[in-house]
Amino acid sequence: MKISQKFIRKLITLGLIVILFAIFAFTAPSFLKLRNIQEILRVAAYTGIICVGSSFVLIGGGIDLSSGGIICFSGIVACRLASIGMPWPVVLLVAVVIGAACGYFNGWLITRFYLNDFITTLATGFVFTGFGLLAILKDESGTLMSQEIKNKGFLLLGKHLNGFYYIVFVWIILTVIAWFILSQTRYGLHTYAMGSNSKSSEMSGVNVRKMKVSTFTICGACCAVAAVFTVAYQTTAYLNLGSGMGFNAVAACVVGGVMLGGGKGDAVGAFLGAIFMTLVNNGMYKYGLDTSWQYVFQGAVILIAIMSDAGFAAFTGRRLRALAEKNNAEEALLEAKAKAKGGNV
Amino acid sequence: MENELILRTENICKSFNGIQVLKNVNLEIKKGEIHALMGENGAGKSTIIKIITGVYTKDDGEIYIDGQHVQINNRHDAAEAGISVIYQELSLVPELTVTENIFLGHEIMKRGLPDRKEMRRQVQELIDRYGFILQPDTLVATMGMAQRQMTEILKALSTEAKLLIMDEPTTSLSASETEQLFVTMEGLRERGTSILYISHRLEEIYRVTDRLTIMRNGEIVGVVDSKTVEADTVTSMMIGHELEKTGVRVPKINKDHYIEVKDLQLGNLLHGINFKAYGGEILGIGGLVGSGRTELVSCIYGTIKKYKGSITLDGKPISRSVAKNIKAGFGMVPEDRRTAGFFPQLSILRNIAISSYDRLSKGGIVNGKAEIEHTEKAIADYDVRPHMRKLPVQNLSGGNQQKVILARWLSRDVDVLILDEPTVGVDVGVKAELYVYMRKMADKGSIIIMVSSDLAELTEVSDRVLVLHNGTIFQEFRDHKATQQGVLLASSGVTAKEGEVL
Amino acid sequence: MKKNKLIALVIACVLAAAMMAGCGSSGGAGEEAAVETHEAPIVDINNGAACKMAYIPMGAGQEDFPVILQGMQEAIQLYPNITLDTYDAGFNPSNQIDLMNECITQGVNVIFLNAMDATALNSTIAEAEAAGIPVITINNGASGVHTAHIQNTTYDAGYEAAQVISGMVDKGAKTVILDVPAELKLACTMGQGFEDYAKETGAFEILEDYAQTITSIEVGYQAASEVLTKYQDIDVLYCVNDNTAIGAAQAIEAAGRQNDGIIIWGYCGMPAALDAIAQGKMTGTSYSDPFYEGYAAMVSAMNYVQLGVNATKLGNEFYADVMLPTKNVTEENVIETIRGTHWDMSAYNY
């Protein structure tokens, strides 16, 4: 039985994770502590939930860099609502609606005005952060107030069950749902088709504009979920909540085999990518390295991951081309032989 | 009579910005026929197709399908009416399987989820019914061009199309793949499907179609029986005047000016290649896509550098640097002009001058006046239309784009010109012009190497033809002895005697 | 597709197993169980016991970070058994939280922190304290209980600066305060100190308390330019930050009003400000040397670990709030200050 490419690609990420894990486990004494594993999962879940949303956008051939802004805006709103004593389901719902609306706005802008995703979401990211600034608590003179949430029910979202934070469970559930949608439903099929070849999908009757808007909406909603749980953990929201998370999530997805440009990758890959990125961050702090070297190390490991991805892509590309050429040649030979025979008769 | 027609259009008219592009077009296609539509670029072929398929809306006129009057306002209406289009650029999604592609956009659902088993079953049924060589679960990315085309056709058939429209389906196919497609088309005809076939290649029209409608300047100028009509008649109807025949000529070969390739080896793509190309002749290189043709010329030009063996120009080894080769007088018209040939957003001026800045600039600063003079002369010499040097090349027709690339090299009097599929997507009139320019270059003493899948072009234009098969030179045809059949067989690794007609 | 299912399943199983392990080790007694409370251990650093400390500034780009660090290192010069690691949070509270967690996991003995947000870090600070790690905040504090907070005076500095300036101008001098960003006003109260002095004595007429978006030379320049066109008659620009003051001095120069005798006062005593005072471009600043903050923080930390105390041990109440005084530096004493400072003055010729 042939092993699918997707599977091999995942083995690469998994392999890198195992290698890193082994290195850290042997060289950094505090790495294998239960608390550290819990902490890795918590941080990975924050990135990972955003990755779930980002993977929809990326597979559909887009990119969303406004995730940070959406997290900031929805997180601050969640913080305000929780502070005035709203029960957590209401807070979560409102935040998700806001996140989804932000995502919808992204998608609408991009499809309605035929804008470039990259620049558009970069810009809307600022806009959403601005909305966050508007929504944040201030006193009469306009001084920003750091607001500590006292709402016990809401703070429960940031707590853990035997050391495993609720956000981790949410992450796993969302990943499974995303995997199901992407691989088992018509919507998922159309997402891949759109990312792989948007024009032919359109010609096949896929409503590409609607699909694109919906992927951005999903991404926005996921960001809001991540934001709510993070705010609950940190007991407050602040202006640079979520800053840099957009890029982080995209990088994690790419490391996990979700292709920039669309059509390739899946939710499980994004899941692994998030773990990988967090692992790199977590492990490198253990060595007491100089700050500058921490950055070099972090960048180098991500580069290695992406290089192995590129190597793999080149390898499968060659394999595909070879297969296609072989098929071409076989067809041609058969045909010519048949024809030569027919001609001689 | 009426119910023999699958499609009838009545006085279709269409204008863009006040310019009438279609004038009272009455197109009639019978049930179960392969009907060809020909015309030069801009004759209105694609406009009428786009109206039938609902991409454009007509200004005036009626459309009848099966004798029924229908309104076609969008693609969906066209599909409902049973019209399907096989696009020029294949519209398959490479990351999906055959089944997924065929049902893309109209998946069979079961309890809210796509019913993969059922879809697969239906695809298998279709494959069996039409006798295609396909597997429902193959990833499109792993398939050859012919198989992809089949998938495309199957996709159209899955929606129970009564009329298939094929817009230049053979441009990306090699000769034998084309033949395979024709067999498929004939099979469909037998089952009663009508096909509207658009092509620039006359030999294909003869080979496979029943009737032929010719358009010129937005009007239908004639409907003829394509089995009996003379080629000259068709071309003169298309372009409105007679074509000059190039005729057989004796090339003035200069044995002292040559490129010699010795023991060329490139990975497992090319091995043991030995040949000489002389000044004054056009050397044709044939073979299937993937036989190493493009790699061979890339080695000569210098875009591929890692080859083993020697390539010499007049006894001196040539450089492996493209820039140095251009300086030494090399020129290259690449296969995929859209991606490798021209700069779509840049003007005609820049596209022509781009390779000549070594002559048009001093100390790195471009001499604007010389640049304009150079380009204007080239535009006039090679009749690039419109004569507007500032126009971005993406706005030109395919033929004129090709002329721009040719003009880029010809205007600097290249010594060695390599052409890879120079006339793909170019209409008959322009083709003939391009051949004349190539011949003029050769007569000046330049070495011209032309790779082509177009058998007619290969056999008629080249003075000598080398056919590659699996990375080696399989056969050489000298002195205009190449025949289309012979080249086709050699491409597939079967030897035919020179000049033998099968 | 089947492979995917398999992978998802495997991962789910691994995670589930890990969770079970978690249940087992912490006894499954609910959410409070995982926060294990430890006494702060006593580390006998004078007899060579190893001691690991961590310093988490807002980001590596924080201006006084190298000088604070220098002060800390000075204090542990004779203690090779004490190691001090620094981490870059990139000016993001989330990163600071992650780094705090990291330090708790590593089991460091002391954490120094410049908190980016007064609230966001509270829960991890509490966790650290619960784990027996004293948390010492420097300049930028946190509202939650922790072992110590060390900073230079802000309110007093503003009040004292106002006193000094009042001797230079007529009563009722027209003054604009170029204040910190709105969200920092609670922590940085020098503007308040200045205003209170003005209210008490009537020495100044405060035209405006201008809140800037961030404190930088560019923003200071813009703010001062704006203020200078808005109010033709200005005697004093009280800037709560040296960068703002330098920007304001540039704005005055650009407006051609350097001879109007406008008083520009800053806060901090950074190299560029000391230079500007020596050049006569700025009137003065409330000078402090972050070196001593670092030194003081470290000396306190060494005391805490030797005694094994932290906020938890002291019943979640102990909260040492150390205020280091500032020094008013003007043209008269600037050269002697420059000679004695730990700020890096190597870019200037003194």
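The values are calculated or read from the model by the stated rules, or taken from the named source; none is laboratory data. No experiment lies behind these values; they were computed from the predicted model shown. Note that we place each Cβ from the backbone using ideal geometry, even for glycine, and neighbour counts take in every protein chain shown. We work out accessible area using only protein heavy atoms, side chains counted, and drop any ligands, DNA or RNA first. Shrake-Rupley method; radii C 1.70, N 1.55, O 1.52, S 1.80 Å.
Worth a mention:
- 5 angstrom amide H check on A:Gly60, placed H, neighbours 5+ away: A:Gly263
- Extended-chain gain in nm, criterion 0.36 nm per residue less alpha-carbon gap, C:Met345 and C:Val322: 5.6 nm
- Estimated dipole of the protein assembly as shown in Debye, rounded to 20 [Cβ of Lys and Arg +1, of Asp and Glu -1, Cα centre]: 4520
- Cα convex hull volume per residue for the range A:32-286 (Å³): 121
- Quarter of Cα convex hull surface for the protein assembly as shown, i.e. mean projection, nm²: 57.7
- Note on A:Ala313/C:Asp44: beta-carbon distance plugged into 1/(1 + (r/R0)^6) with R0 of 56 Å gives a FRET efficiency of 0.45.
- Restriction of the chymotrypsin sites (Phe, Trp or Tyr not before Pro) in the range A:74-180 to DSSP coil positions whose beta-carbon has at most 16 other beta-carbons within 10 angstrom yields A:Phe113, A:Tyr114.
- The distance from the alpha carbon centre of the range A:35-113 to that of the range B:410-480 is 59 Å, rounded to a whole number.
- 3J(HN,Hα) along the range B:210-225, derived from phi through the Karplus expression 6.51 cos²θ - 1.76 cosθ + 1.60 where θ = phi - 60°, amounts to 9, 10, 9, 9, 10, 10, 8, 6, x, 10, 7, 9, x, 10, 10, 7 Hz, with x in place of Gly and Pro.
- Spatially proximal aspartates and glutamates relative to A:Lys210 (Cα-Cα < 13 Å; intrachain offsets below 8 disregarded): A:Glu202
- Shielding value for C:98-107 is 6, the average number of Cβ atoms from other chains within 10 Å of each residue's Cβ.
- Protection proxy ranking of B:270-282, B:291-303, B:113-125 - average other beta-carbon atoms within 10 Å, highest first: B:291-303, B:270-282, B:113-125
- Estimated distance in nm for a label pair at C:Asp196 and B:Glu62, the labels positioned 7 Å out from Cα along Cα-to-Cβ: 9.4
- Among beta bridges that DSSP assigns inside the protein assembly as shown, antiparallel share in %, nearest 5: 40
- Compared with the dominant Cα axis of chain A, that is its longest principal axis, helix A:186-196 is turned about 70°.
- Taking label positions 7 Å along the Cα-Cβ direction at both A:Ala123 and B:Gln135, the computed distance is 4.8 nm, reported to one decimal.
- Rounded tilt (10° steps) of A:267-285 against the dominant C-alpha axis of chain A: 60
- Summary of packing: across the peptides B:93-101, C:206-214, A:278-286, C:80-88, the per-residue average of other C-beta atoms within 10 Å ranks them, highest first, as B:93-101, A:278-286, C:80-88, C:206-214.
- Pairs of Lys residues in the range C:120-272 are counted when their Cα atoms are under 20 angstrom apart and they lie 8 or more places apart or on different chains; the count is 4.
- If a spin label sat at a point 7 angstrom from the Cα of C:Glu331 along the line to its beta carbon, the backbone N atoms of the range C:247-268 nearer than 20 Å would be those of C:247-267.
- Over 22 Å (Cα to Cα) - which of B:Lys305/B:Lys444; B:Lys377/B:Lys403; B:Lys14/B:Lys162; B:Lys50/B:Lys162; B:Lys262/B:Lys305; A:Lys33/A:Lys150 fall in this group: B:Lys305/B:Lys444; B:Lys14/B:Lys162; A:Lys33/A:Lys150
- Shielding of peptide C:117-125 by partners, expressed as the average count of other chain Cβ atoms within 10 Å per residue Cβ, is 6.
- Per-residue average of Cβ from other chains inside 10 Å of A:282-289: 4
- Cβ-Cβ distance of B:Val70 and B:Asp128, R₀ of 30 Å, FRET efficiency by 1/(1 + (r/R0)^6): the value works out to about 0.40.
- Sequence-distant lysines (8 or more away, or on other chains) whose Cα lies within less than 20 Å of B:Lys227: B:Lys30, B:Lys31
- Cβ-Cβ FRET estimate between B:Val221 and B:Asn11, R0 fixed at 22 Å, reported to 0.05: 0.85
- Listed by chain and number, the lysines whose C-alpha is less than 20 Å from the C-alpha of C:Lys313, apart from same-chain residues fewer than 8 away, are C:Lys52.
- The A-C contact accounts for approximately 4400 Å² of buried accessible area, totalled over both chains at a 1.4 Å probe radius.
- Charging the Cβ of each Asp and Glu at -1 and of each Lys and Arg at +1, and nothing else, the dipole of the range C:273-350 about its Cα centre rounds to 140 debye.
- The charge dipole of the range A:32-286, taken about its Cα centre with unit charges on the Cβ atoms of Lys, Arg (+1), Asp and Glu (-1) only, comes to about 300 debye.
- In the context of the full protein assembly, B:Glu460 retains an accessible surface of approximately 120 Å², using a probe radius of 1.4 Å and ignoring ligands and nucleic acids.
- Principal-axis tilt of helix C:93-106 within chain C, Cα atoms, nearest 10 degrees: 50
- Solvent-accessible surface (1.4 angstrom probe) belonging to B:Glu186, in square angstrom, nearest 10: 40
- The slack in the chain from B:Ile19 to B:Val183, taken as 0.36 nm per residue of separation less the alpha-carbon distance, amounts to 55.0 nm.
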